[in-house]
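To keep things clear, I will list the structure first and then write my remarks on it.
The values are calculated or read from the model by the stated rules, or taken from the named source; none is laboratory data. Worth saying up front: this structure is predicted, and the values here are computed from it rather than measured. Reconstructed Cβ throughout: ideal geometry from the backbone, glycine too, with neighbour counts over all protein chains shown. Side chains are part of the model used for accessible areas, which takes the heavy atoms of the whole protein and leaves out ligands, DNA and RNA. Shrake-Rupley method; radii C 1.70, N 1.55, O 1.52, S 1.80 Å.
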Amino acid sequence: MADTWADRLSRKAGYDERSAAILILPVFVVLMVVALYPIIYSFYTSLFDIVLTRPWRRPFVGYGNYARIFQDPMFWVAVQRTTVYTVVTVSITTVFALVVALLLNEAFPGRRLLSALILLPWATPSIVNGLMWKWIYDPGYGLLNGILVQVGLLESYTVWLGNPDRTLFMIANAAIWKQMPLAAILLLVSMKAIPQDLYRAATVDGANVFQRFWHVTLPALKPGLMLVLVYETMISIRHFDLFLIMTQGGPGDASYTLSWQIYVETFRNLKFGIGAALSYLLAIATFVLSYLFIRGFGSKS
């Protein structure tokens, strides 16, 4: 019996899938080795009491490192600081990004130039960003003090990063300045994908600007908002470079976050087991938050 056209197409599709799998296999193996092995080895490390000052002793403690972490008061201080920093950074970044995306979605002279300029903070290297804001906040010659004193809002120069009550928020401001442009572009791309017919239909039905935003723009932006929230949360909850450059966890424990505690335990105290366990806890927290965002924004209205 002669092969039908469908049979020949099915065999060709199967052949193409096998060929693609063979070609992808080497890359898959390399990625598994490069990505999966460090993850497994880090978890393995977290089960041992590894201290570099006594490298010949590596006792197996099981989940003892995790128990020690939960009993450490500084861990809960770090959790609190990380939570405040993440909530402030992610929420303000998302709101500002949404406003900027709405602005760039409108037609006005110089929109393309503004779209290019707004990416400059995001393109700035993280170390440069940290040093720049540290100079801006400098109590002796900082730009922020100079401007506020000149306009009369301050009587004398202020040590912005020396006040424990506002240090975390000053660092968050530097992070928002850098992270907001990319979030705005991501939301703008989502807005461009919204069919204009929806806006025209809403206008015909008598919806005003706010109603069109609430009932058309926001529901259609759910995938973009989900992406922004997941990405910004992953970045903020493990932020480290700004804390290293600007405050190094200080003053006191004002900016003592989880990422900083991982650095202190691993590279200052040389406790690699504790550091690996802290890293796993941070990774789990990031995964859970990302899952909640995806589950929440992925659910149907």
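Only one residue in Leu281, Leu270, Leu292 is touching a residue at least 60 places away in the same chain (Cβ under 8 Å), within 18 Å of the chain's Cα centre (by Cα) and either open to solvent by 20 Å² or more (accessible area, probe 1.4 Å) or closer than 29 Å to Trp160 by Cα (or both), so which one is that?
On the way: Leu270 fails: within 18 Å of the chain's Cα centre (by Cα); Leu292 fails: touching a residue at least 60 places away in the same chain (Cβ under 8 Å).
On inspection, the qualifying residue turns out to be Leu281.
Does Val228 satisfy the criteria of being β-branched (Val, Ile, Thr), closer than 30 Å to Trp135 by Cα and either touching a residue at least 24 places away in the same chain (Cβ under 8 Å) or in contact with a Pro (Cβ under 8 Å, 6 or more places away or on another chain) (or both)?
Details: β-branched (Val, Ile, Thr): yes; closer than 30 Å to Trp135 by Cα: yes; either touching a residue at least 24 places away in the same chain (Cβ under 8 Å) or in contact with a Pro (Cβ under 8 Å, 6 or more places away or on another chain) (or both): yes.
Here the answer is yes, as Val228 does meet what is asked.
Checking Gly275 against (1) open to solvent by less than 40 Å² (accessible area, probe 1.4 Å); (2) within 21 Å of Trp177 (Cα to Cα); (3) without any contact (Cβ under 8 Å) to a residue 40 or more places away in the chain, which single condition isn't satisfied?
With respect to (1) open to solvent by less than 40 Å² (accessible area, probe 1.4 Å); (2) within 21 Å of Trp177 (Cα to Cα); (3) without any contact (Cβ under 8 Å) to a residue 40 or more places away in the chain, Gly275 is out only on (2).
Consider Met132 against the criteria (1) under 30 Å from Lys192 (Cβ atoms); (2) open to solvent by 30 Å² or more (accessible area, probe 1.4 Å): it satisfies all of them except one. Which criterion is unmet?
All conditions are met except number (1).
Only one residue in Thr217, Thr257 is under 22 Å from Asn129 (Cβ atoms) and of a type in the set (Ser, Thr, Tyr), so which one is that?
Numbers: Thr217 fails: under 22 Å from Asn129 (Cβ atoms).
Result of the check over Thr217, Thr257: Thr257.
Mind counting the residues in region 211-220 that are within 13 Å of Val99 (Cα to Cα) and not β-branched (Val, Ile, Thr)? Explain how you work it out, then say what you get.
Initially, region 211-220 is screened for residues within 13 Å of Val99 (Cα to Cα), giving 213, 217-218.
When the remaining residues are screened for being not β-branched (Val, Ile, Thr), the result is 213, 218.
The total comes to 2.
Hey, among Ile147, Ile176, Ile118, Ile127, which residue is exposed (fewer than 14 other Cβ atoms within 10 Å of the Cβ) and in contact (Cβ under 8 Å) with a residue 60 or more places away in the chain? First the steps, then the outcome.
Details: Ile147 fails: in contact (Cβ under 8 Å) with a residue 60 or more places away in the chain; Ile176 fails: exposed (fewer than 14 other Cβ atoms within 10 Å of the Cβ); Ile118 fails: exposed (fewer than 14 other Cβ atoms within 10 Å of the Cβ).
Testing whether each residue is exposed (fewer than 14 other Cβ atoms within 10 Å of the Cβ) and in contact (Cβ under 8 Å) with a residue 60 or more places away in the chain leaves just Ile127.
Kindly establish whether Leu98 is open to solvent by less than 70 Å² (accessible area, probe 1.4 Å), among the hydrophobic types (A, V, I, L, M, F, W, C), touching a residue at least 60 places away in the same chain (Cβ under 8 Å) and in a helix (DSSP H, G or I).
Values: open to solvent by less than 70 Å² (accessible area, probe 1.4 Å): yes; among the hydrophobic types (A, V, I, L, M, F, W, C): yes; touching a residue at least 60 places away in the same chain (Cβ under 8 Å): yes; in a helix (DSSP H, G or I): yes.
Yes; evaluated as a whole, the condition is true for this residue.
What is the one condition in (1) crowded, with 16+ Cβ neighbours inside 10 Å; (2) out of contact with any helix residue (DSSP H, G or I) (no Cβ under 9 Å at 6 or more places or on another chain) that Asp138 does not satisfy?
(2)
Going through region 43-81 one residue at a time, which ones are open to solvent by less than 50 Å² (accessible area, probe 1.4 Å) and of a type in the set (Ser, Thr, Tyr)?
Thr45, Ser46, Tyr66
Tell me, please, whether a residue that is of a type outside the set (Phe, Trp, Tyr), closer than 25 Å to Phe272 by Cα and in a helix (DSSP H, G or I) can be found in region 43-55.
Of region 43-55, the ones of a type outside the set (Phe, Trp, Tyr) are 45-47, 49-55.
Filter once more, keeping what is closer than 25 Å to Phe272 by Cα: 45-47, 49-55.
Within this subset, residues satisfying the condition of being in a helix (DSSP H, G or I) are 45-46.
Checked region 43-55: at least one residue is of a type outside the set (Phe, Trp, Tyr), closer than 25 Å to Phe272 by Cα and in a helix (DSSP H, G or I).
Within region 150-173, work out how many residues are open to solvent by 80 Å² or more (accessible area, probe 1.4 Å), without any contact (Cβ under 8 Å) to a residue 40 or more places away in the chain and within 23 Å of the chain's Cα centre (by Cα).
Here the count works out to 0.
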